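Okay, structure first, notes after.
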Amino acid sequence: MGIAPMTRWEGAPKQMDPRYIAPNAKSMIVMGFRIARGSLRGVEEGTLYTTYPSMGYAALNQIYAPMTLWNLTNFLEDEGHETVAMLNANGGEAINPVTGNFRDGWSVPVGDEKPHPDVLVHFRLAAFLAGLGEIGYSKVFLTPQFGPRQRFALCLTDAELEPDPIFEGKICDRCMLCAKHCPTGAISTTETVKVTVAGHELEWAKLNPLACEAGIQGGHDNELNPFLKEYPRRYGYGRAIGGASGCIRACMDHLEKKGVLQNKFSSPFRTERPWKLDHSQPRPPTDDVRENYIETGRIEDADAYITYNKRDNYGTDKDAKAPNPLID
Ligand code: SF4
């Protein structure tokens, strides 16, 4: 957790300045929620993909962070301080949070001096301003405790709190493993972006956000996606099957092996080369599947799940025109 005075936002573009959300706020409290290393294990092994989107994403953004924010907000309100609790949830911003472009025709300002709703707060810059770490070359936030393994939530409050100093250390060593391991090449190795915040010049790689979107879903050509059918969504994060191959997994492994992170483990995360997938080659069922399922007749079509999903609990097709006597 780190605290920044709101004045550290001085110079921020109006559309991204949280002082327009809470003009009376004096302090911003930013909290980092650790992504458990084990939530990436199944993706690293190529054998279980749900743990990362559920425990590494949704459980933090949708359960743990809001509960903590709720408690903190209650505490501050009991002390008489208005507090705006903010989750890292996207939806209504006038700036597209993926591309960073302004959405023409999306909204109008409600006053001459006001920005267009909704203002988009840059959580990684917020974490930097609160002294939690630095933005790495990959643009993923790195902390001395966990490297790239955390998500953020924050609150703006009119309580005047003692600020934390801005982090002046160096975690990212520009090893470029993030760029090398990103299956879609979303992280440029040659072009960078520079911004100045609170008197500090920050620099990170120029990102191709749409390539990043493809990477999340397993790569441009499904290089990191072993699923042949539409993968079910998990709490809205179901497509995170790329498992942040470069920007989190490669980076984390590198920083852990360098010994620069405070969270130490008894065994290394990666002990062999990351697996590769070649969709042009046929992959016959394993011996286990052949012996225990195919030969015993315990086999069904992969679309059975989709067919099941389209039906209600009574087994009736949800799209059917005819009324269902049990529920209509
Ligand atoms: S992989 Fe290397 S270059 Fe990329 S963010 Fe991590 S430390 Fe920096």
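Quick rundown of the values:
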{"item": "Tally of residues being of a type in the set (A, V, I, L, M, F, W, C), assigned to a helix (DSSP H, G or I) and in contact with a Ser or Thr (Cβ under 9 Å, 6 or more places away or on another chain) across the stretch 9-59", "result": "4"}
{"item": "Every residue from the stretch 190-228 that is in a loop (DSSP other than H, G, I, E, B), within 16 Å of the ligand (Cβ to nearest atom) and over 24 Å from residue 127 (Cβ atoms)", "result": "none"}
{"item": "Residue 139 being within 16 Å of the ligand (Cβ to nearest atom), free of Cβ contacts under 8 Å to residues at least 60 places away in the same chain and under 28 Å from residue 254 (Cβ atoms)", "result": "no"}
{"item": "Search result, residues across the stretch 29-53 that are among the polar types (S, T, N, Q) and surrounded by fewer than 18 Cβ atoms within 10 Å (Cβ to Cβ)", "result": "47"}
{"item": "Unique residue being more than 21 Å from residue 41 (Cα to Cα), more than 18 Å from the chain's Cα centre (by Cα), surrounded by 16 or more Cβ atoms within 10 Å (Cβ to Cβ) and within 16 Å of the ligand (Cβ to nearest atom) when the list is 166, 187, 171", "result": "171"}
{"item": "Selection count where residues are within 16 Å of the ligand (Cβ to nearest atom), surrounded by 10 or more Cβ atoms within 10 Å (Cβ to Cβ) and in a loop (DSSP other than H, G, I, E, B), scope the stretch 252-288", "result": "6"}
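Every read-out reported here was derived from the displayed coordinates using simple, explicitly stated rules and does not represent laboratory data. This structure is a prediction, so every number in the text was calculated from the model and none was measured. Don't worry about glycine lacking a Cβ; one is built from the backbone with ideal geometry, like all the others, and counts go over all protein chains shown.
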